[in-house]
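The values are calculated or read from the model by the stated rules, or taken from the named source; none is laboratory data. Keep in mind that this is a model prediction, so the values were computed, not measured. Positions of Cβ are backbone-derived with ideal geometry, glycine not excepted, and every protein chain shown enters the neighbour counts. Just the protein is used for accessible areas: all its heavy atoms, side chains included, with ligands, DNA and RNA removed. Shrake-Rupley method; radii C 1.70, N 1.55, O 1.52, S 1.80 Å.
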Amino acid sequence: MNRSTAQRLPGITKASGLPSHVAAWLDQLTGPPAAGGADLSPEATRAAAAALIAAAQGVQAWAEAAEIDAVQRLVGGIEDDLALDLGQHERRSTPQTRRALARTAAATELQLLTGSPLGQCRDRIALATATRERAGGLRARMAAGTVSAWRATTLLKETRHLDPLTAGAVAARVLAPLGWVGQPALDGSPADAWPGESGDELAAVLTQKPLSQSTFRRRLARQVALAESATVYGARRHREAVSARDVRTEPGRHGVAETAVTASRERAFAAQQRVTSIARSARAAGDPRTLAQLRSDIATDLLIRGQVPGDVLLADAPAAQLHVVVNLATLLPPAATSTSAAADGVAYNGADGDADDGAGSLSPALGTGVGEVPGVGFLSAAQVRAVACAQGSTWRRLVTDPITGAVIDAASTYRPPAPMRRLVQARDQRCRAPGCEHPAVECDLDHDTRWRPGAQNVADGATHPDNLHALHRAHHQAKTRGWWRSEQSDDGDVIWQTLTGSAITTRAANLHALEDLSAVAHSRMEVALAALIEDAADPAPLTAEMAAIRDAVTTRRTTHEDAPDEEPSDEKPSDERPDDPAPF
C-alpha cells in the first residue's frame, strides 16, 4: 500500500485493504499538485487533468463498492433480527416473503440515509444481495474501481430474466477489455474473484480507457440477444411478444402525440431504415426540415396515405431495405443435434452435459447466433433467415481474414468509388474513433493522410482503402480541426492521439470474435441448480403496492377457508417467537 495514502487516511486504508492501484488513485487526488504548478505547459496541464479525472472515476467506483457492501450488511442485520415484524406470524409467511419484506424495510431505511429515490435504493439492494453466480463478478469489479454502480445495476436489471449463470457470464463478456480473449470473457464461470486471481484481465482494464457508453450498450444488446436466442424459453417469449403486437397512440403536451408500433424486430428495423432512407434523400434534395422532422412527417404520411401519387417524397417511395451483417453459419438451418427439446428453455446450445467452449471455432453452431443491423440492433437466427430467404433478398459476400476476422474483400477494389466505399464500410463496420459505435454506412470516409490530386501512393494521400477509414461527422470534424490526430497502418489499425495525450488504437471489426458469435453454454443441471439456489436466496424486493396486494389476497383467503376442527385448549398463547416458523 502506498505509504503517503496510509498516513493521510489511516482509518480507511487500514479497514479496507485498498488495492494498490486504488491507493495510487487516492494519492493523486489527495496529494500535492504536480510539480511545476502554473508553469506547466498546456499539453502537460491537459494530461494531468486527464489523470485526475480517471483517478476520481476509479475512487468513486471503489467507494460505491464499499456502499454496496454496507447495504448487504444492512439487509443482513434486518433479516437476522427476530424482533422485527417481517410477517413471520402471518398465515401465508414463507422464507421468501420474509426476505422480501426485509429488503423493503432496508430500501426505506436506505432512502433516508442517502436521499436517493426509492427505485435507486431498491437497485442497490438487489445488487448487494444478488447471488454470487449472478452478481459476484459485478461486485468484484466495483471493488477494483473499474465498474461504476450505475453500470453494475444496469447489467443486473437487463439480465434479470436470464438464469444466474448466464447473467454472470453475459456481464463478464460485456465488461471485458477491448480485444481481451482471456477466460472470464469467454466461459460461463462466475468471475467474482478476478481482481486477485486473474491479474491479467485487471491489468488490461487498467491500461485502457473505460468502455464508452455506446460500446457498453451495443455489447449488452448483442450478448442478451445471443442468450435469449439460445433457449427454448426465449423463442416462446418471442412468439408471445409478437402475438401481442399493436399500434398505440398517446396524447402528449403542447398539441403533439406519440404513436408506437410494436412489431417483430426485422419488420420494425426495416421500417425505420426505409423512413430514414427517404428522409436522407429529401435532405440531399434541399428539404429544409431536419432529419428527425422528416422521419416523423414521412412516417405519418405513409401511415395515413401510403404511397401518395404526385407527392414529391412518397409518389415513388422505394421499398424497405434491411442491411444485416451475419455469419454464414447463422444463415444455415440448425443441425439436427442442436434442436433437441428442453424443458422450460434450460438447454443452452443443446448442452446436456459439460458445456463445449467452442475453442478454435470461427463460427457459431449451425443455425445459432445473431445478426446485427448496424446502428439499430440485433436479430435472432430465425429472424435473420426469414429476412435472407424473403423474395428479392440479396446476399453480399464478405471475405474475412481467418486469423484476425477483419474484412479483406467485399467487392472488386479496382473500380472506385462505389466498390472501395463498400470495402471500407464492410471492414470498419463502425466509426473508427475511440468508443464510437456509429454505423460505418452512415459515416464519412476520411483520408488518414490528406488527399493530394494525382497521388498514387498511400503515403502521398492517394484514395485507397489503406488510407481511408469511417468517421462519424463529429469525430471527422475533431480530426479536421486538429483536436485529435490519427495514423493508419497497413493492417487497418488506427492509432489516435487526443488532446490529453492519450494514445488509443482502434482496430477493424473482427467478425470471428467467439464471444460475438455463440451464446454462453451451461448444462441443464448447472442452470437448474443455480435457479433453485437463487429462488431461495434472492427474492425480488416487495414494493409497497405489492405488499398491500399480498396482504389483501392473504386476508381474503384466510376469511373464506374453513376453520380446522380442534378441541378447545386452556393453554394460553405464548409470546415467544420461533427462530424460523414454518409456513402454514
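Specify the residue that is nearest to Ala54 (Cα to Cα); the eligible residues are those in the range 528-540 that are open to solvent by 50 Å² or more (accessible area, probe 1.4 Å) and modelled with pLDDT under 75.
For the range 528-540, the residue satisfying everything is Ala540.
Scan the range 98-122 for residues that are among the charged types (D, E, K, R) and either within 20 Å of Asp80 (Cβ to Cβ) or surrounded by fewer than 21 Cβ atoms within 10 Å (Cβ to Cβ) (or both) and jot them down.
Arg98, Arg99, Arg103, Glu109, listed by residue number.
Got a sec? Which of Arg485, Arg452, Arg481 is at pLDDT below 85 and of a type in the set (Lys, Arg)?
From the options Arg485, Arg452, Arg481, the qualifying one is Arg452.
Would you check if there is a residue in the range 303-322 being modelled with pLDDT of 80 or more and crowded, with 16+ Cβ neighbours inside 10 Å?
no
Within the range 422-463, track down each residue that is touching a Cys at 6+ places or on another chain (Cβ under 8 Å) and in a loop (DSSP other than H, G, I, E, B).
Cys431, Glu437, His438, Cys443
What are the residue pairs meeting all of these: first residue in the range 66-77, first residue in contact (Cβ under 8 Å) with a residue 24 or more places away in the chain, second residue of a type in the set (Asp, Glu), Cβ atoms under 8 Å, and 6 or more apart or on different chains?
Between residues of the range 66-77 that are in contact (Cβ under 8 Å) with a residue 24 or more places away in the chain and residues that are of a type in the set (Asp, Glu), the close pairs are Leu74/Glu109.
Please go through the range 478-506 and give me each residue that is under 26 Å from Arg46 (Cα atoms) and either assigned to a loop (DSSP other than H, G, I, E, B) or of a type in the set (Phe, Trp, Tyr) (or both), ordered by number.
Within the range 478-506, Arg481, Gly482, Trp483, Trp484, Asp493, Trp496, Thr498, Leu499, Thr500, Gly501, Ser502 meet the criteria.
Do you know which residues across the range 142-160 are open to solvent by less than 10 Å² (accessible area, probe 1.4 Å), under 12 Å from Ile68 (Cα atoms) and either out of contact with any Leu (no Cβ under 6 Å at 6 or more places or on another chain) or free of Cβ contacts under 8 Å to residues at least 24 places away in the same chain (or both)?
Met142, Ala149
Could you list, in sequence order, all residues of the range 505-527 that are in contact (Cβ under 8 Å) with a residue 24 or more places away in the chain, open to solvent by 30 Å² or more (accessible area, probe 1.4 Å) and over 22 Å from the mean Cα position of the chain (by Cα)?
Once the filter is applied, which keeps residues that are in contact (Cβ under 8 Å) with a residue 24 or more places away in the chain, open to solvent by 30 Å² or more (accessible area, probe 1.4 Å) and over 22 Å from the mean Cα position of the chain (by Cα), the range 505-527 yields Arg524, Glu526.
Please work out if Cys436 is touching a Leu at 6+ places or on another chain (Cβ under 6 Å), buried (at least 18 other Cβ atoms within 10 Å of the Cβ) and modelled with pLDDT of 85 or more.
In short, no.
Considering only the range 479-500, I want to know if a residue exists there that is open to solvent by 50 Å² or more (accessible area, probe 1.4 Å), hydrophobic (A, V, I, L, M, F, W, C) and closer than 30 Å to Ser380 by Cβ.
No: zero hits.
Identify, from the list Ser489, Ser502, the residue that is touching a residue at least 12 places away in the same chain (Cβ under 8 Å) and of a type outside the set (A, V, I, L, M, F, W, C).
Ser502
Consider the range 88-97. How many of its residues are buried (at least 20 other Cβ atoms within 10 Å of the Cβ) and within 26 Å of Gln120 (Cα to Cα)?
Looking only at that region, the number is 1.
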